[in-house]
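A quick write-up on the structure given underneath.
The values are calculated or read from the model by the stated rules, or taken from the named source; none is laboratory data. Every value quoted in this text rests on a predicted model; they were computed, and no experiment measured them. As a convention, Cβ positions derive from the backbone with ideal geometry for all residues, glycine included, and neighbour counts pool all protein chains shown. Side chains included, ligands, DNA and RNA excluded: accessible areas come from the protein's heavy atoms. Shrake-Rupley method; radii C 1.70, N 1.55, O 1.52, S 1.80 Å.
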Amino acid sequence: MTTRDGPEQLALVPPAPVARPRKQPTKPVPEAAAVRPVARVVVDSGLAHLDRPFDYLVPTTLDAQTVAGCRVKVRFAGRLVDGFVVERVQATEHGGRLAFLAKVVSSEPVLHPEVLALARAVADRYAGTLGDVLRLAIPPRHARAEASRPTPADGPLPVGSAAGWQTYAHGLGFVAALRAGEQPRAWWTAVPGQDPAELVAEAVLATLGSGRGAVVCVPDNRDVARWDAVFSTVLGAGRHVALTAAQDPADRYQSFLAASRGDVQVVLGTRAAAFAPVRDLGLVVMWDDGDDLFAEPRSPYPHAREVLLLRAAAQESALLIGGHARTAEGQSLIDSGWCVELAAAQRERRRAWPRLAVTDGSTAGSAPVRLPQEAFRAIRGATGAVLVQVPRRGYRESLSCQTCRQPARCTECQGPLGQPSASAPIACRWCGRGASPWTCPHCQGTELRSPVVGALRTAEEFARAFPDLEVLTSGGQTILDAVEPGRRLVLATPGAEPHVAGGYAVVILLDTWLMLAREDVRVEEESHRRWFNALALAGPGATAVAVGDPVTLQALVRADPAGFAARELASRAETHLPPTARLATVGGPDAVLAELAARTWTPHTEVLGPVPVDLRSAEAGERLILRAPRREGAELAAALAAVAAERSAAKLPGLRIQVDPLSL
């Protein structure tokens with residue numbers, strides 16, 4: 001653009017205003033509390049080399065909320081993590097600068113000193129960390145449950161009757177000692193005819209009469225439901241709570257808080273109840289301690305029996321562990337004199353247990369049959385319900401060639417062939433590929449047989465043999481809690497046997513050889529426990545038939561679980577296995593295990609391996625086994641914990657360490 005005076009000068013674009021940096025408000029420095037400003041916090045870091053409390057300052061804004069046992073959040077390694085306040089002190093021993101607590105999640109004290117001490121002892125016993133044990137001991141917080149508080153029971157305690165305990169030597173004296181506030185310790189071998197839940201409830205009632213509380217652990221949720229009804233009848237409503245990991249989160253936390261606040265003094269539950277914060281604990285009880293459900297599958301893999309034994313010793317409470325069978329651990333404690341034996345006299349014991357006949361299934365030298373004449377006649381002559389225990393649940397779980405007896409395998413993956421039901425085709429149990437028609441690669445045979453028959457196939461066979469009887473099955477995903485009295489056949493897998501009012505008229509134990517065929521150091525103890533539990537469901541005057549080796553089943557014939565436990569303990573002593581020794585397994589990379597095998601552990605530790613975890617699979621990895629005398633058990637666990645801490649500090653992958661595992 002031009003004018004007469006020349007080109008017009010373009011207007012300059014005004015510069016954009018320069019934004020002045022906004023002055024950030026300075027964050028006020030928190031002020032520490034005047035009284036006991038240092039909180040010791042157990043931090044859930046998950047790191048083995050940091051398995052200790054850490055000191056934090058308590059700001060004045062959180063002073064009133066920060067109490068011992070409450071949940072907090074703290075800054076740890078640059079992130080917010082959960083923790084529990086252990087205590088508040090006036091000064092710290094840390095020479096550096098302390099950080100402040102970030103938040104008090106809840107001022108509800110949930111970690112009590114006795115539970116903290118127990119968790120520390122369990123972590124040391126099993127070469128674990130305190131944080132791992134506390135995750136097992138304290139359920140997750142539920143705000144709605146924390147805000148509610150049920151009305152505790154009031155009024156006088158019911159009048160109890162300990163008459164049921166007179167069947168057992170020292171039984172009445174045990175209950176009297178509980179009522180007097182003493183700390184008796186007993187291992188109880190129960191006999192059929194009396195509901196163990198009622199006897200335990202009477203012992204708990206005696207403990208309540210002395211002003212103390214009790215923790216009762218049973219194997220599974222079915223037991224909890226049955227015992228819960230009995231406890232409500234004997235103790236009265238509102239005097240106990242049920243605590244299991246299967247509960248709704250709100251219900252579980254509410255039950256936990258009821259014990260923590262002192263609203264109830266009795267907690268009944270599964271292994272999750274072993275750490276229940278019962279105030280003035282006077283009695284810990286466990287029923288059927290040999291059940292593998294008491295073994296925790298999460299690190300550090302503690303057994304609830306050992307947790308209760310540690311708790312009884314530390315808190316000076318009474319102890320009662322019982323069952324129809326007896327474990328080697330129980331026999332060991334009885335032999336050592338640490339606890340007394342509560343057992344019926346021989347005559348009472350023989351009268352209470354059903355009369356058992358053992359047959360191998362053969363008649364006059366013929367080949368054994370699955371349903372011997374003795375069992376057939378017993379079922380046919382039964383006037384009430386009949387229980388048939390079958391080791392496996394399925395239909396035809398394994399197949400073999402009818403001609404040469406070689407196992408039938410899949411042509412693609414070499415997995416075992418099976419048939420899940422009568423209408424299902426024969427297929428591989430690993431890859432699911434169909435295998436019809438099938439030809440044996442060894443003898444070219446085309447017919448299959450089933451060396452192992454499950455409960456479903458057995459039910460079909462029994463329904464054809466006894467068409468006038470109703471046949472029920474219990475096991476797997478379909479477990480019956482109870483059945484109505486009357487003439488019917490109940491086929492159940494071990495542990496799934498339903499109860500019947502008045503007991504069973506006949507109990508049949510099928511395929512006992514199959515239960516003993518498993519490769520496990522506890523196979524005989526576990527099998528006898530399941531057989532005794534099934535026989536204990538028989539009613540007065542009942543009969544029983546076991547199909548198996550008469551020599552192996554002599555403990556059942558004599559109704560002598562104590563004698564079997566003594567022989568099992570002697571066998572463990574010869575092989576240096578728990579409970580006569582301390583045994584630990586370490587799983588990890590081969591190179592790491594080879595290095596650990598060359599280490600020096602305790603003076604008398606035996607190093608076995610490394611060996612493959614599963615000889616059938618090269619991908620399963622290897623495992624190192626360490627075996628030491630019991631007196632060196634604590635030293636061995638400390639050495640294993642030190643190894644875990646070393647690898648954690650070096651940021652190396654962790655190892656799977658198990659002390660006294662149930663299975664090898």
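For the reader, a short list of remarks on this structure follows.
- Among the residues of the stretch 467-481, those identified as part of a strand (DSSP E or B), of a type outside the set (Ser, Thr, Tyr) and either over 14 Å from Glu497 (Cα atoms) or touching a Ser or Thr at 6+ places or on another chain (Cβ under 9 Å) (or both) are Glu470, Gly475.
- Filtered residues of the stretch 630-654 (kept if under 25 Å from the mean Cα position of the chain (by Cα), open to solvent by 20 Å² or more (accessible area, probe 1.4 Å) and either under 25 Å from Glu574 (Cα atoms) or among the aliphatic types (A, V, I, L, M) (or both)): Arg630, Ala634, Ala638, Ala641, Ala644
- If the condition is being touching a residue at least 24 places away in the same chain (Cβ under 8 Å) and part of a helix (DSSP H, G or I), then the stretch 234-258 contributes Val234, Leu235, Pro249, Ala250, Asp251, Arg252, Tyr253, Gln254, Phe256, Leu257, Ala258.
- Asp124 passes every criterion in (1) in contact with an Asp or Glu (Cβ under 9 Å, 6 or more places away or on another chain); (2) assigned to a helix (DSSP H, G or I); (3) open to solvent by 60 Å² or more (accessible area, probe 1.4 Å) apart from (1).
- Tally, over the stretch 200-228, of residues that are open to solvent by 40 Å² or more (accessible area, probe 1.4 Å) and under 22 Å from the mean Cα position of the chain (by Cα): 5
- Scanning the stretch 228-267 for residues that are in contact with an Asp or Glu (Cβ under 6 Å, 6 or more places away or on another chain) and closer than 22 Å to Ala162 by Cβ turns up just one, Val230.
- Close pairs from the stretch 75-101: first touching a residue at least 40 places away in the same chain (Cβ under 8 Å), partner surrounded by fewer than 11 Cβ atoms within 10 Å (Cβ to Cβ), Cβ under 9 Å, at least 6 apart: Arg88/Val35; Gln90/Val35
For every residue, the table says whether it meets (1) over 15 Å from Ala639 (Cα atoms); (2) hydroxyl-bearing (Ser, Thr, Tyr); (3) in contact (Cβ under 8 Å) with a residue 24 or more places away in the chain; (4) open to solvent by 30 Å² or more (accessible area, probe 1.4 Å).
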position: Ala570; (1), (2), (3), (4): yes, no, no, yes
position: Glu574; (1), (2), (3), (4): yes, no, no, yes
position: Ala581; (1), (2), (3), (4): yes, no, yes, no
position: Gly588; (1), (2), (3), (4): yes, no, yes, no
position: Leu593; (1), (2), (3), (4): no, no, yes, no
position: Leu596; (1), (2), (3), (4): no, no, yes, no
position: Thr600; (1), (2), (3), (4): no, yes, no, yes
position: His604; (1), (2), (3), (4): no, no, yes, yes
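- Exclusive hit being open to solvent by 10 Å² or more (accessible area, probe 1.4 Å) and out of contact with any Phe, Trp or Tyr (no Cβ under 6 Å at 6 or more places or on another chain), set Val490, Val507, Val500: Val500
- Entry remark, the stretch 46-64: residues being open to solvent by 20 Å² or more (accessible area, probe 1.4 Å) and within 18 Å of Val81 (Cα to Cα) number 12 in total.
- Residue list for the stretch 65-85, filter: of a type outside the set (A, V, I, L, M) and open to solvent by 40 Å² or more (accessible area, probe 1.4 Å): Gln65, Lys73, Arg75, Gly78, Arg79, Asp82
- Any hit, the stretch 542-554, residues being closer than 24 Å to Gly361 by Cβ and without any contact (Cβ under 8 Å) to a residue 40 or more places away in the chain: yes
- Any pair with Cβ under 8 angstrom, 6 or more apart, that starts in the stretch 157-174 at a residue that is on the phi < 0 side of the Ramachandran plot and modelled with pLDDT of 95 or more and ends at one that is of a type in the set (S, T, N, Q) and part of a helix (DSSP H, G or I): Leu172/Gln166
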